[in-house]
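In what follows, a single structure is set out as structure tokens and then discussed.
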Amino acid sequence: MPGFGCSCADHSVPVGIGRCKPCNATEVVSADGHSCVPRRCQNVSGRIACRKCPNDYITVTQNIDGSPLKEVQCVKCARGFKPVNNVCTRCESCACAKNQIIVRGLCIPKTYVTSRPKYEENSLHPLALLDVVKHEYLCMQNNLRACHTLANECVRNFYSTDTAGPCRLWIQPKLATPKGTLPRLIVESTLEDKNPGETYIGRRKDSILIAAAVFSSDGRFKFMKDASQDHTSCRLPVKIRIGRDFSRDCIMNVSKLTEDLNVTISPFLYADGKLVQIPVYPRKPNGHPIQKGTWISSKFKRFFIIDKSLSIVTNTTNYVFLRTMDIKLQIERDKASPSSLRVQVSVEVSYASKSPLSESIVTTLKVTHVMPEAGVHRGLEAAWFSTLHALAAEAGTLGLTLPLSSAEERIIIAFVYTSVSLKAVKVAWFNFNQCRCDVFFLDWSEYNPPYKGAVTEKYSNWRASTLAREWSRVQTMRRVSPGYTASLALLVLHLLEPWRSYLPPSQGYKWAVATIAWWSSYITLLSCRWGIDRVLGSPTTGLPKICSSVGLSLLVFEEEHYAHYIHGRIVYKQLSLSIPALGETETRQSLLSRFLAAFFERALDGLSWVASERTVLERLLNVELNTREAGNTSTLLYDPDESTPSCFAVTWWGEEWSLATFEAILFGSLMVATDEPLIAVLVTLLVWQVMMRLRRGLGNRNQREKTDIQM
């Protein structure tokens, strides 16, 4: 019944239901356990000794039909078998000849194993090293699958230069390696492909496709060129738009990467049905590149995604994975064809070790362009406007607009920030000087009273206050208001938005677009202002009219030997009715006004003039280079009545070019820094307003101190 039964003790056989018979000492139990089979024994000095079968024999107790033998027989196992628990089982090592040794289940000649160099790199586990020896021997026997397996092991070991490592067949040229079966692992120049990784891009072509060839360890091959996969992937194939750098991170779980184990990848340029091999430059987890060493080239063909190996120290599983894949595009102009580009593509792969505390890894795919120079260096050496010309030429030469090279980008950024810094210093310096000018108001009524005994009015009367307010107003008067320029620049940038979106994200192009928008707005407004001034008259004519109306002359000393004079006497050379003597009872302003009035009446002819310092050449040769009033230190130049008074040189009107260039450079630098037109405009206007209020406040204070007139 199921669940119940009985069995005989060891060295016993059943003889009936519920009965067992023990075998004697010279017998053994048959294989089926039902009979006792005698052994060949002999009596030696009263002791019975039975024969035992040798180690490579098994004990046979039954015939083929199952009947017990008369005597136990010893039978040797056939070749390729060995006794295991008294049964002949297949044994691979047993099939090896005497001059062979078993290596991972394969018979290999001992001379082949002993002739191999000693492995000294100590990065492979002993079992993995035995696999290398096995696949290496099979590859030497023209086993194509073993050659591909060995090639993958060589790639996963970072193209080891150890003469006993997995790359031995590639780095030892004296070995008689099989021809046609050993895969190529380095990129070599050939007659058909002199420059590996190089392709040409014609007009209107703005992208390239990088395909991938996947090699498995069993010799299978798969080519992948479909780039319509998820754009968040960090794998090949990938379609790259020329001029667009990008970087994306992919987080993956190690358990989902089992298909990538024992697999290597080779990148190719795929264009018009043609394949161009792309060189690969691997970096080890320690950050060091693979040295050329015994390899004839440092340009390799393959890389891997992830590798799993046993540690030779802790006997644990270690993972090495692809941390960063940087696809670099070196773009140059084709001298033979101006309308095409020559693109040199290379792939740099960096690896890292997985932390045992995490089951996730992060892989980064980067695309980096090394752009050709657009002529910015030469443009900066020639002139500032030549830079804009060079950028415009760069944008229009090809149907494809390229970013600037990294060197040019750095030079432009340094140029922009240096220019805005130097311009800011210059603007602050001339504003400081303008706020220190000596200003004098000459009241002709104090020198020529209207009648004898007339009472002289106080110096700070309404006439002087009127002229003081007008002089204060013109201090910060501009030819073109930055507020109008900024508003029009925003409109221009809005109109240029389709063109801006087409341009690559380059700092140089941002600066160029901002500069074009600002200067086009400024020139447009300046032209409109020039036309209005031609029709209605210049606003600078108001100051001489006010001087003539109130009977006051304006004298401004810009420097020690540089002065500006606006004549304001109502009656030319009016004779004095009564000139009082200079006395101590008169005020300082009255004394100065009377003295200067007498000087101008007697020494000059009553016209507006500017006294400029003599040049160094004039001083050395003691000559006058222009027809003007002579002097030891200064020369007099007369201002024509229809021109802008020379005293506007000490106002913002005379420094219009410096202020306009400062605002343009400031706006361009803010566009480079923020890429936000509205922020750039607001900051530029804020700087203008702060600067204007400081200039007006300091100028009014200087005017009050020099003229003692309260406005």
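The values are calculated or read from the model by the stated rules, or taken from the named source; none is laboratory data. On a predicted model such as this, the values are computed, not experimentally measured, just so you know. Here the Cβ is made from the backbone with ideal geometry for all residues, glycine too, and neighbour counts use every protein chain on show.
Looking at segment 345-366, is at least one residue in contact with a Pro (Cβ under 6 Å, 6 or more places away or on another chain), at pLDDT below 85 and crowded, with 18+ Cβ neighbours inside 10 Å? Scanning segment 345-366 turns up no residue that is in contact with a Pro (Cβ under 6 Å, 6 or more places away or on another chain), at pLDDT below 85 and crowded, with 18+ Cβ neighbours inside 10 Å.
Please verify whether segment 93-102 includes one or more residues that are under 30 Å from residue 307 (Cα atoms) and touching a residue at least 24 places away in the same chain (Cβ under 8 Å). Looking through segment 93-102, none of the residues is under 30 Å from residue 307 (Cα atoms) and touching a residue at least 24 places away in the same chain (Cβ under 8 Å). Restricting segment 218-233 to residues that are of a type outside the set (Gly, Ala, Ser) and assigned to a loop (DSSP other than H, G, I, E, B), the residue that is surrounded by the most Cβ atoms within 10 Å (Cβ to Cβ) is 225. Contact map, segment 195-221: residues that are at pLDDT below 90 and of a type in the set (Ser, Thr, Tyr) paired with residues that are assigned to a loop (DSSP other than H, G, I, E, B) and surrounded by fewer than 16 Cβ atoms within 10 Å (Cβ to Cβ), Cβ distance under 7 Å, separation 6+ or inter-chain. Pairs shown: 200/334.
Is it the case that residue 262 is on the phi > 0 side of the Ramachandran plot and among the polar types (S, T, N, Q)? It is true that residue 262 is on the phi > 0 side of the Ramachandran plot and among the polar types (S, T, N, Q). Only residues that are closer than 20 Å to residue 85 by Cα and either among the acidic types (Asp, Glu) or in contact with a Leu (Cβ under 8 Å, 6 or more places away or on another chain) (or both): list them for segment 32-70, please. 32, 37, 56, 60, 61, 62, 63 - these are the residues of segment 32-70 that are closer than 20 Å to residue 85 by Cα and either among the acidic types (Asp, Glu) or in contact with a Leu (Cβ under 8 Å, 6 or more places away or on another chain) (or both). Taking only segment 147-187 into account, find how many residues are in contact with a helix residue (DSSP H, G or I) (Cβ under 7 Å, 6 or more places away or on another chain), aliphatic (A, V, I, L, M) and surrounded by fewer than 23 Cβ atoms within 10 Å (Cβ to Cβ). Residues flagged as in contact with a helix residue (DSSP H, G or I) (Cβ under 7 Å, 6 or more places away or on another chain), aliphatic (A, V, I, L, M) and surrounded by fewer than 23 Cβ atoms within 10 Å (Cβ to Cβ) within segment 147-187 amount to 4. Looking at this structure, is residue 694 surrounded by fewer than 19 Cβ atoms within 10 Å (Cβ to Cβ) and not in a loop (DSSP other than H, G, I, E, B)? In short, yes. Of the strands (runs of 3 or more DSSP E) lying entirely inside segment 234-315, those containing at least 1 residues that are in contact (Cβ under 8 Å) with a residue 40 or more places away in the chain and within 17 Å of residue 212 (Cα to Cα) are 238-241, 263-271, 274-277, 280-283, 306-310.
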